[in-house]
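Take a look at the structure below.
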Amino acid sequence: MQPRATLCSTMRMWFFLSITMSTVSCSSVVYQPTPVVPTKYPLPFSVKVKLAQIDSYMVEPGSTMLADPAIENHVTRTSSSLDDAKKQWEKSIADYVAARKTFSYLSMDSQTDLDMTLRLNIYIDPGVLFQFNHVYIAKVDAKVIDSTSQAVLSSYQGFGKSIGEVSRGGAEDDRAPVNQAVQASLDNLLSKVENDSRLRRP
């Protein structure tokens, strides 16, 4: 059996390496929308998509296996490196909303009926002692706002999860699982928006 002191030292080293790689790896990752079959019944509004926040976090190893649904309670470090690519992320997400035809019309540079403001958080669970795959969780919170009155009409949350590699050494290791988790969270979110009867005009 591994001595306790050695085990603790190994865990501290793993924490440090995981945190360091989270800052380096995610910085060059940008969401790439997957092909989608458009909805047959778009919501009868024009919309502008705004990405208000995007952050990535490392969480304690094994956190995604706990019963606690609030993964944010287990964050070990916040990385703001994705802020540099926020406009690219915003465009990619807007492109996906447009391709999905959730709304009848989407514009990023003109007056619209509604604004959809998003906050996207990505959580990376490094697993325990190199023995488990990394787990990626994406949570996206959205508010649909009347662009004239600025009244919040409705709020939603989307959730997505994916599995990465056991070891993680660069952006290429993050690209696919981050994309899959974000894609799943957007699909989850937009299905709720599309099925909300409050946004259907009589």
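Read-outs: derived from the displayed coordinates by stated rules, not from any lab. In this text, all values refer to a predicted model and were calculated from it rather than measured experimentally. Every residue, glycine among them, receives a Cβ derived from its backbone with ideal geometry; neighbour counts consider all protein chains shown.
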- [ ] Straight distance only, please: which lysines reach the Cα of Lys48 with their own Cα at less than 19 Å, same-chain residues fewer than 8 apart left out?
- [x] Lys86, Lys87, Lys91, Lys101, Lys143, Lys192
Open item on the list: What does the extension gain come out to for Ala151 and Met65, with contour length at 0.36 nm per residue minus their alpha carbon separation?
Closed with: 27.2 nm
Open item on the list: Over 25 Å apart: what share of the alpha carbon pairs of segment 35-171 falls there, rounded to a whole percent?
Closed with: 37
- [ ] Take each of the peptides 140-147, 108-115, 63-70, average the number of other beta-carbon atoms within 10 Å over its residues, and list them starting from the highest.
- [x] 140-147, 108-115, 63-70
Open item on the list: So if the hydrodynamic radius of segment 27-111 is defined as the Kirkwood radius over C-alpha pairs, what does Stokes-Einstein give as its diffusion coefficient at 10 °C and 1.306 mPa s, in µm² per second?
Closed with: 104
